[in-house]
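What follows draws every value from the coordinates through simple rules; no lab data is involved. Predicted model, so just to flag it, every value in this text is computed and none were measured. We place every Cβ from the backbone using ideal geometry, glycine too, and count neighbours over all the protein chains shown.
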Amino acid sequence: MSLQSMTGFGRAAGEHHGAVFVWELKSVNGKGLEVRLRLPAGLERLEQAVRPAIQKRFSRGNIQASLNLTRTGSLAQPVVNEDFLKDLAGLARRLEEQFGVAPATADGLLALRGVLDSPETLEDEESRAALDAAILASLDEALDGLQQARENEGQALAKVLLAHLDTIEALTLRAEADPSREPASIRKRLAEQVALLLETNAPLDEARLHMEAAFLATKADIREEIDRLKTHIAAGRAHIAGGGAIGRKLDFLSQEFNRETNTLCSKSNAASVTAIGLELKAVVDQFREQVQNLE
């Protein structure tokens, strides 16, 4: 399965017996899946089919689906129910003669329900079903376009994320190989610090001092953080290779990267390792920012 971004656009147009329709689908980032529909008056019935069709394709993103429909030629013109209009006009004249009410006007009569019928109301059930089927087939085409756009951007994001993981790995290996982590270097630095304390002629227990120094050296070791970073790097690459809706998994992984990097910086007892930790933090932030765009 390929990765998908949560941003994209899809469009499809169709025609059925004088009815021209256009779907436009827009998708942006979202914590979950939210679908907003804009359907023409008289076609609200399509929502029961449109919403599940979108939910079947995507698991995350704020998606807006808009349908525009126009009718051409005679199908676009309203039809006058002339018999009903004649009956209403006759009733209006009798009311005027018998009760002296104001005479009826043409626009007033035409505004009464049932006098003018729109093309939608004149369609029989079979015609409506055929139109609905054509519109939903066009929706599938628009969904294909939206999915392809999201997948194209997802492929580009995968390359960016893998590059970030490569950088995180390189920095992790630098921290692991830093000379300040060599036992001889640690012993030398601690010996210098202990010597400085002993030169103060303060009443210090040398054995206890060496024991505390050894404890601090153990506490400052970043072996565990380096091992965890390596494990997270491997997991990130595996998720990206597997594809699918991995946005939440990589977001959690980016939090783990950040936690290990913060611990590495706090435990560091050398400026060189601290500098590497700060570089790691910057790359991890960039990684997490890009992850927010994934489904």
> From the cross-link list Lys26/Lys249; Lys249/Lys281; Lys159/Lys267; Lys26/Lys281, which pairs have alpha carbons spaced over 28 Å apart?
Replying inline: Lys159/Lys267; Lys26/Lys281
> Calculated FRET efficiency, Asp140 and Phe252, Cβ-Cβ r, R0 41 Å, to nearest 0.05?
Replying inline: 0.75
> Residue separation times 0.36 nm, minus the C-alpha to C-alpha distance between Gln55 and Lys31: what's the value?
Replying inline: 7.2 nm
